[in-house]
Ligand SMILES: Cc1cc2nc3c(=O)[nH]c(=O)nc-3n(C[C@H](O)[C@H](O)[C@H](O)COP(=O)(O)OP(=O)(O)OC[C@H]3O[C@@H](n4cnc5c(N)ncnc54)[C@H](O)[C@@H]3O)c2cc1C
């Protein structure tokens, strides 16, 4: 078989696989680019992502700041983001007629608010670039063909792929972009890679507690959370908005903690202690002082009906006071030192028991995948099996919610495709 005729094969028709296949085909290198997708539909997650709106990326253009949003993979992605980052994503889509808009929290969506705009743009770009998309093409096995790899390939890679229907395909190089699918991870493992077990990331906390029961929908603009796992030996802290739900707690601060604590929480069967500082801009002494001031200035007002801190939702304050067994009729003037002290503790470090994990419907991501030290992030090429490349969620990289997971997919796909095409350029 002539070396020129061997195609470049991308396994997996998700965000990473599509983006890589398009770049590969656009860069040319005189080879066919074949994209193999196991199911009958491509870009499924893109379509359902972000509640059907697709949170494509995040308005954060500084590589260092950007990496802080990746609980796993931050170090490896740092230099990748100097090569392809959210600004490049915005430009890539703009060049294909898709405008992205930025929401107040930095998340970027297509201006149409419709994920189809993104999947259509990717499908059109792939067609125009000449990518051959094969559906129902599940790769079952991948063998390095050392015997067929002559010296002409600088990285020496060449693989025989076997599909579910028994067909075989010989590839000059292979990009694995199979997401978190076990079949794809098995291919990586068979190629000699260590695969880290998948555990959920980005979830809500189940909390059953009288202080928040019946308050679903109440939100706090900014709290500071401190998660204690394994008897409080390890603590993780994150700040941000908090939302009370029917099952417990959610909102950006919780989702961030769930991502950074994903492995610890999994190891502890999702049992942990959460401390909530509802007034993070004040320290305990300042809260105490404010309550005492209120005792003077609002002496005749009922404690339960008049929250002294405007940022506290009134219903939450009422329920908190009642749950502390403070007489609902009590007026500020009659509040005891002990009452004040209990409120200070509740507001600055209220303790809540996490009893399980819930589901964050807008985005599902898991931690785990191909271990990172076996991948050369300058090329996204395997250090174990030359000629094999990785992009997207198949890697042990994951981000918090906000467009960071797609950005990791675009970036790693772009780098992998660039490296693959360079390797294939005729000498
Ligand atoms: C409900 C939901 C909402 C989300 N919303 C967002 C969001 O708004 N913003 C964001 O940044 N992230 C979001 N994410 C995360 C994001 O979708 C993923 O990070 C991203 O899709 C990963 O892309 P990927 O191409 O690596 O993997 P995938 O999108 O999972 O694609 C992998 C593809 O490979 C195929 N495949 C697997 N094995 C084989 C095989 N053996 N042979 C052939 N094909 C195979 C699969 O069928 C699949 O099509 C969301 C995830 C979910 C589930």
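For the range 275-294, the set of residues classified as crowded, with 20+ Cβ neighbours inside 10 Å and touching a strand residue (DSSP E or B) at 6+ places or on another chain (Cβ under 7 Å) consists of 276, 277, 278, listed by residue number. Residue count for the range 45-82 under the criterion of being away from the ligand (no atom under 15 Å from the Cβ), in a loop (DSSP other than H, G, I, E, B) and touching a helix residue (DSSP H, G or I) at 6+ places or on another chain (Cβ under 6 Å): the result is 2.
For the range 174-229, the set of residues classified as closer than 30 Å to residue 275 by Cα, within 16 Å of the ligand (Cβ to nearest atom) and in a loop (DSSP other than H, G, I, E, B) consists of 202, 203, 204, listed by residue number. Just to be sure, is residue 217 under 26 Å from residue 358 (Cβ atoms), at pLDDT 95 or above and not assigned by TED's automatic domain parsing to the domain that holds residue 349? No.
Residues that are outside any helix (DSSP H, G or I) and within 7 Å of the ligand (Cβ to nearest atom) within the range 12-31 comprise 12, 13, 14, listed in sequence order.
Restricting attention to the range 388-400, does a residue exist that is over 23 Å from the mean Cα position of the chain (by Cα), farther than 22 Å from residue 122 by Cα and crowded, with 18+ Cβ neighbours inside 10 Å? Looking through the range 388-400, at least one residue is over 23 Å from the mean Cα position of the chain (by Cα), farther than 22 Å from residue 122 by Cα and crowded, with 18+ Cβ neighbours inside 10 Å. Only one entry in 259, 285 is out of contact with any helix residue (DSSP H, G or I) (no Cβ under 8 Å at 6 or more places or on another chain), part of a helix (DSSP H, G or I), more than 24 Å from residue 366 (Cβ to Cβ) and modelled with pLDDT of 95 or more, namely 285.
Total residues in the range 83-114 satisfying the condition of being part of a strand (DSSP E or B) and within 13 Å of the ligand (Cβ to nearest atom): the figure is 5.
Just one of the listed residues (195, 229, 199) is surrounded by fewer than 16 Cβ atoms within 10 Å (Cβ to Cβ), touching a helix residue (DSSP H, G or I) at 6+ places or on another chain (Cβ under 6 Å) and either modelled with pLDDT under 95 or under 30 Å from residue 388 (Cα atoms) (or both), namely 199. Of all the criteria given as (1) outside the structural domain of residue 228 (by TED's automatic domain parsing); (2) away from the ligand (no atom under 16 Å from the Cβ); (3) buried (at least 16 other Cβ atoms within 10 Å of the Cβ), the one not satisfied by residue 378 is (3).
When you check residue 353 against the structure, is it surrounded by fewer than 22 Cβ atoms within 10 Å (Cβ to Cβ), away from the ligand (no atom under 16 Å from the Cβ) and under 20 Å from residue 205 (Cβ atoms), yes or no? Criteria met by residue 353.
Selection of first residues in the range 407-423 that are more than 19 Å from residue 87 (Cβ to Cβ) and in the same structural domain as residue 177 (by TED's automatic domain parsing) and of second residues that are within 13 Å of the ligand (Cβ to nearest atom) and assigned to a helix (DSSP H, G or I), restricted to Cβ pairs under 6 Å at least 6 apart or on distinct chains, gives the following pairs, ordered by first then second residue: 416/20. In the set (1) in contact with a helix residue (DSSP H, G or I) (Cβ under 7 Å, 6 or more places away or on another chain); (2) not in a loop (DSSP other than H, G, I, E, B), the condition left unmet by residue 400 is number (2).
The values are calculated or read from the model by the stated rules, or taken from the named source; none is laboratory data. Predicted model, so just to flag it, every value in this text is computed and none were measured. Backbone-built Cβ (ideal geometry, glycine too); neighbour counts: all protein chains shown.
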